[in-house]
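Heads up, the thing below is written out as structure tokens.
Please treat every number below as a calculation from the coordinates, not as lab data. As the structure is a prediction and not an experimental result, all values here were calculated from the model. With ideal geometry, Cβ positions are generated from the backbone for all residues, glycine too; neighbour counts draw on all protein chains shown.
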Amino acid sequence: MSAMETKILSLRSYLMQRLMISLYLLWLVSTVVGYFATINYANQPYDLVLLQRAYAIADDLKLGSGNEQLDVIPDLPDGSDPGMPDKVVYTVTDSEGRKLAGNGNTLRPLSYRRDRTGPLFSNGEREGQKTRMVSLVYKSNGGVLQLHVAETTQQRQALIRGILSNIVIPQLLLTLIALAVVWYGLKQGLRPLERLRNEVLNRKRDDLSQLDGSQAPAEVRPLIDAVNDLLERLKQVMQAQQRFVADAAHQLRTPFAGLKTQSELALRTNDPEQKQHALEHILTSTQHGIRLVNQLLALARNEPGGQGTESFTTLSLNHLAQECTVNWVQMALEKNIDLGYESTSATVEIQGDAASLTEMLNNLIDNAIRYTPEGGHITVGVGTTADGAELYVEDNGPGIAPEHRERVFERFYRILGSGQSGSDLGLAIVAEVAKRHGAEIRLDAGSGGIGTRIGVCFCASNEMRRRPS
Ligand SMILES: Nc1ncnc2c1ncn2[C@@H]1O[C@H](COP(=O)(O)OP(=O)(O)OP(=O)(O)O)[C@@H](O)[C@H]1O
Ligand SMILES: [Mg+2]
């Protein structure tokens, strides 16, 4: 469980992480770009000063005049003045780079080896210190003289450091402020969600009332609506479940109450005839109780959440219907009812659970025999329709009035006045089995508008596989 929890990152942490990485990268890029821009701008004025100093030295040495005075020593800063910490050195060389004069031993820049003229700036190192150098070329007496003036870069470095700290530190501060603002904004923005979470967490176990999404952000509304929809459905299912348990308990009470009364009677009386009578009642009540429990179990087996479609096999509807019918023949005979089987094709195969389908058919035939008066006719049949296979049971009994046709499939729904007692679950079981098989139930009057015809259609549109031959 803890492994699962670690995987679930909160929305706020996720957004903050993303934002922090982006802001950090942004800050890094702006610092690097700022650094190079700073170097460039800091160099420009210093380079100009260096160039003027080089011109001044050239003037002092009279370079390019044809009358050079290379033994003159120009006055140059040596870095000892605290206000001017950079040391300046110069070198005069011939075109081959041989030193002719100067107090330094500066190397001529590479570009000058390719006959370049004009001032040329280059970076170098001297006695472990970074230097910036400008080189000039003078033509004199047919030869070429090169002047290289180099200075250390302490002042430049100080300026760069100053500018950089003025860029980087405020930027860093801005980044931190932006992060803080976003963090606070997110905290505020996600507050309605947190409130919702607490509301759900603190709910009582059986509280299925709707969530209040009025203050939630628009993005979360669809989720809340979906949850509310689910809660509503759950509430209905729970209410139905509660009703069902109450009804079932109520139904069970009747046979139990009968058992109690009759056993008390049997114990009290010494009359063998009365005892016999009480025992017969006890048997009837027990049979009712058993029937009810069996019907409840059948219902539970076929409900969604019970067995799924794993137990489905390819089976022959004809076979199944025939077998069931045979089992009820004796019962029909006792009531002088003509129970027959008919089929329009030899084999109609479907995918289904044989036990459930038998349960379904038993309930249909049981109803037909129970509610059809003596001397009636019942037909169990299998046929093929335009879009699938149909299993039906038709009788010529009293029929089911149109106003009851929808409701007879409800659990514990009973049409008064039939003169029969049952557990009122038979057709509910039929409905559940049909639903589990993706089949459709059609309840009509029998042929000639007399009696009842209940057809269960395993239609192609229900994706049931069938193979008539
Ligand atoms: N073939 C039929 N002819 C006339 N009425 C029927 C027929 N089948 C069902 N009914 C009516 O529909 C009602 C519901 O039937 P259902 O099978 O669900 O319950 P039941 O037969 O009373 O009880 P159970 O079958 O669970 O013992 C019955 O009470 C009956 O009035
Ligand atoms: Mg029944």
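Amide H contacts of Lys130 (H built 1.01 Å from N, in plane; Pro and chain starts excluded): Thr153 sit under 5 Å, all sequence-distant by 5 or more or on other chains.
For the chain, list log₁₀ I(q)/I(0) at each q in 0.08, 0.09, 0.12 Å⁻¹, using the Debye formula over Cα point scatterers of equal strength and ignoring solvent, two decimals each. After summing over all Cα pairs, the log10 values are -0.75, -0.85, -1.07.
What's the magnitude of the charge dipole for the range 13-161 around its Cα centre, counting Lys and Arg as +1 and Asp and Glu as -1 at the beta-carbon? Answer in Debye, nearest 20. All intermediate terms of the calculation are to be shown ahead of the outcome.
Working: 16 positive and 15 negative charges, 140 e Å.
Result for the range 13-161 is approximately 680 debye, rounded to the nearest 20.
Measuring nothing but alpha carbons in the range 13-161 and taking Rh as the Kirkwood radius, the Rg to Rh ratio lands at 1.17. Enclosing the Cα atoms of the range 313-462 in their convex hull gives a volume equal to 108 cubic angstrom per residue. Taking amide H atoms as placed 1.01 Å from N in the peptide plane, the amide H of Thr347 lies under 5 Å from those of Ser469, each 5 or more residues away in sequence or on another chain.
Lysine pairs, Cα distance under 20 Å, 8 or more residues apart or cross-chain: how many in the range 13-161?
Eligible lysine pairs with Cα atoms under 20 Å apart amount to 5.
Rounded to the nearest 10 degrees, the inclination of helix 317-334 to the longest alpha-carbon principal axis of the chain is 30 degrees.
Arranged by the count of other C-beta atoms within 10 angstrom, fewest first, what order do His281, His250, His437, His148 take? Walk me through the intermediate numbers first.
On the way: His281 17, His250 10, His437 22, His148 27.
Final ranking by Cβ density, sparse to dense: His250, His281, His437, His148.
Only one residue of Phe36, Leu48, Gln17 has its Cα farthest out toward the positive end of the dipole of the range 13-161, where Lys and Arg carry +1 and Asp and Glu -1 on Cβ, and that residue is Gln17.
In the chain, the calculated helix contribution to ellipticity at 222 nm averages -17500 deg cm²/dmol per residue, counting -39,500 (n - 2.57) for every DSSP H run with n ≥ 4. Figure legend: label point modelled 7 angstrom from the Cα of Val326 along Cα→Cβ; residues of the range 367-405 with amide N under 17 Å from it are 380-382. Taking the C-alpha atoms only, the angle from helix 354-371 to the longest principal axis of the chain is near 40 degrees.
Counting every other Cβ atom within 10 Å of each residue's Cβ, Glu359, Glu323 order from fewest to most as Glu323, Glu359. Once the Cα atoms are used to define both axes, helix 154-189 deviates from the longest principal axis of the chain by about 20 degrees.
Order these by the 10 Å Cβ neighbour count, fewest first: Ile350, Ile163.
Details: Ile350 23, Ile163 17.
Listing Ile350, Ile163 from fewest to most nearby Cβ atoms yields Ile163, Ile350.
For the range 110-231, a simple Cβ point-charge model (Lys and Arg +1, Asp and Glu -1, everything else neutral) yields a dipole of about 860 debye relative to the Cα centre. Each Cα pair under 8 Å and six or more residues apart adds its separation to the average, and for the chain the resulting relative contact order is 10 percent. Sequentially through the range 223-239, phi angles give Karplus couplings (6.51, -1.76, 1.60; θ = phi - 60°) of 5, 5, 4, 5, 5, 4, 4, 4, 4, 5, 5, 4, 4, 5, 5, 5, 5 Hz, Gly and Pro residues having no value and appearing as x.
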